[in-house]
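The values are calculated or read from the model by the stated rules, or taken from the named source; none is laboratory data. This one's a predicted model, so the numbers in the text were calculated from it and none came from an experiment. All Cβ positions, even for glycine, are placed from backbone atoms using ideal geometry, and neighbour counts span all protein chains on display.
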Amino acid sequence: MNNRGHNRPKSENGLWNRELLLIFLVTFIAYSNISVFFEFYEYLRTLPIDPKWFGLIIAIFSGASLLFRPVISAFIHARNVRLYLNLGTVFVILTLASYKIVSGLCGILIVRTLHGIAFVILGTALMVLTVDYIPKGRSAQAFGLLSIIILIPNTIIPPILPLMDKVSGGFTNTLLGFSFITLLVIFMLRWVHTPETEQKPDSIKRTILSWEEILNDLKELRIMALLLSMLLFYSTHAIVFFFLDGYGRSIGIPATGLFMSLATGGEIAIRLGAGSLFDRMNKPLLASFTMFIVAASYLLLAHVKGKISFYGMGLALGLGWGIAMPVFNGLMFDISSYRFRAFNMNLGLQMFQGGFFLGPFIGGVIVTKMGLNSLFYFCSIMAILSAFLVFYLKGKER
């Protein structure tokens, strides 16, 4: 492997170093493999499977992530990250290709579970590699850009999927094509040099985290407060994502897709336009203030009447989400010691998965008991709790 530049200090590389750009490109390819499943529900309808199982088939991918990520995160570190990156990539390629050869319930459940595990291995290893290239004092901006990279596949792939299916000859052939595209990850990662960590004592450079170390890390109130704050935030985001269409129709607005388009546009715009400012401000105060604004937006959403106010709230929430997500991640990066930085960042990703599990589950109960409007009151309460939790971190950044 070419090792030119291998020993360059991270601080000298800046935000736009070659390695970080390649990692962003690899991340784009990895999340494109998720966006391609936009038509998965419709594909399931063509299989000899009872529709009552469709929810489980779709959800088991995230379920595997919830169970497997905390375990695998403790085993991946700077010294073995190459092995897991290659293993995860090959595993993803094989599982994408496997959808071509299964059609029954048991087969598709097995493939979905293995696909979820494969994506967790690749995603977790990518985060371990990424944190060593985040420059000091640029964490929120870097994670803002990373979150944009993750959003882009959702904006460009779903609209062109029908054409891709037509050209390839069907959905499973499209997945097979993406499996070949994923091969590029292995070649691109060869150009990403594993950095020499700063001079650390052997106790810090040691490999696998012990259970005692993990428990001690989780006993830190600031880590737990931030994780809980993130879980509450992501739960509200998931509730809006899954229940917005029904709410929009209930108030006479059937075209709810524009709401999410405006929200996504707001997220991208605020991160590109103001991302460099996030690191110049006190992140706990910024996150807390943003969550109060998001809470107010949820309250207003529960009372909108017309299309203009409805879509306006989509843009407002997108701007709030666009600030909160990278600031939360940047804050986790800042308050974590080097030894636990990658592990804690992966726990942050776990809160995202947890929110998209917990939010719809609680939301379904609320809708059944109190109706769709009540959802956004509940979201507002959760956002306020999130704001108070993250405010606890004021003055506690490293």
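A quick yes/no check of all residues on (1) closer than 20 Å to Asp334 by Cβ; (2) at pLDDT 85 or above; (3) surrounded by fewer than 20 Cβ atoms within 10 Å (Cβ to Cβ); (4) among the polar types (S, T, N, Q):
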site	(1), (2), (3), (4)
Tyr133	yes, no, no, no
Ser139	yes, no, no, yes
Ile156	no, no, yes, no
Asn173	no, yes, yes, yes
Gly177	no, yes, yes, no
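Give Ile268, Ile208, Ile214 a once-over and let me know the one that is among the hydrophobic types (A, V, I, L, M, F, W, C) and modelled with pLDDT of 85 or more.
Ile268
Can you tell me which residue in region 301-314 is farthest from the chain's Cα centre (by Cα), limited to those that are crowded, with 17+ Cβ neighbours inside 10 Å and within 13 Å of Phe259 (Cβ to Cβ)?
Val304
Search region 122-152 for residues being assigned to a helix (DSSP H, G or I) and touching a Gly at 6+ places or on another chain (Cβ under 7 Å), and hand back the single one that is nearest to Ile208 (Cα to Cα).
Residue satisfying both the conditions and the ranking: Ala125.
Looking at region 281-295, is at least one residue crowded, with 22+ Cβ neighbours inside 10 Å, within 18 Å of the chain's Cα centre (by Cα) and part of a helix (DSSP H, G or I)?
Yes, because at least one residue in region 281-295 is crowded, with 22+ Cβ neighbours inside 10 Å, within 18 Å of the chain's Cα centre (by Cα) and part of a helix (DSSP H, G or I).
Scan region 356-392 for residues that are under 14 Å from Met291 (Cβ atoms) and in contact with a Leu (Cβ under 6 Å, 6 or more places away or on another chain) and report the count.
Residues meeting the conditions: 5.
Test Lys305 against the criterion of being outside any helix (DSSP H, G or I) and out of contact with any Lys or Arg (no Cβ under 6 Å at 6 or more places or on another chain), and give yes or no.
Yes.
So is Gly275 more than 20 Å from Asn373 (Cβ to Cβ), at pLDDT below 85 and within 20 Å of the chain's Cα centre (by Cα) or not?
yes
Quick check on my filter: what residues within region 33-51 are surrounded by fewer than 18 Cβ atoms within 10 Å (Cβ to Cβ) and of a type in the set (S, T, N, Q)?
Within region 33-51, Thr46 is the sole residue that qualifies.
Could you tell me which residue of region 348-398 is farthest from Phe333 (Cα to Cα), considering only residues that are among the small types (Gly, Ala, Ser) and within 21 Å of the chain's Cα centre (by Cα)?
Across region 348-398, the extreme among qualifying residues is Gly363.
If a residue has to be out of contact with any Phe, Trp or Tyr (no Cβ under 7 Å at 6 or more places or on another chain), surrounded by 20 or more Cβ atoms within 10 Å (Cβ to Cβ) and either in a helix (DSSP H, G or I) or without any contact (Cβ under 8 Å) to a residue 60 or more places away in the chain (or both) to count, how many in region 379-398 make the cut?
The qualifying residues number 3.
Restricting attention to region 315-336, does a residue exist that is over 18 Å from the mean Cα position of the chain (by Cα), surrounded by 22 or more Cβ atoms within 10 Å (Cβ to Cβ), modelled with pLDDT under 95 and not in a helix (DSSP H, G or I)?
Scanning region 315-336, I find at least one residue that is over 18 Å from the mean Cα position of the chain (by Cα), surrounded by 22 or more Cβ atoms within 10 Å (Cβ to Cβ), modelled with pLDDT under 95 and not in a helix (DSSP H, G or I), so the answer is yes.
Among residues belonging to region 337-350 that are assigned to a helix (DSSP H, G or I) and among the polar types (S, T, N, Q), point out the one that is surrounded by the most Cβ atoms within 10 Å (Cβ to Cβ).
Ranking the candidates gives Asn346 first.
Among the residues of region 203-260, how many are in a helix (DSSP H, G or I) and either within 30 Å of Gly363 (Cα to Cα) or among the basic types (Lys, Arg) (or both)?
Selection size over region 203-260: 36.
Got a sec? Which of Phe28, Phe61, Phe75 is modelled with pLDDT under 90, more than 14 Å from Ala125 (Cβ to Cβ) and not assigned by TED's automatic domain parsing to the domain that holds Phe361?
Phe61
Scan region 186-198 and report the pairs whose first residue is closer than 15 Å to Leu122 by Cβ and whose second residue is modelled with pLDDT of 80 or more and in a loop (DSSP other than H, G, I, E, B), with Cβ atoms within less than 9 Å and a gap of 6+ or a chain change.
Val192/Tyr133
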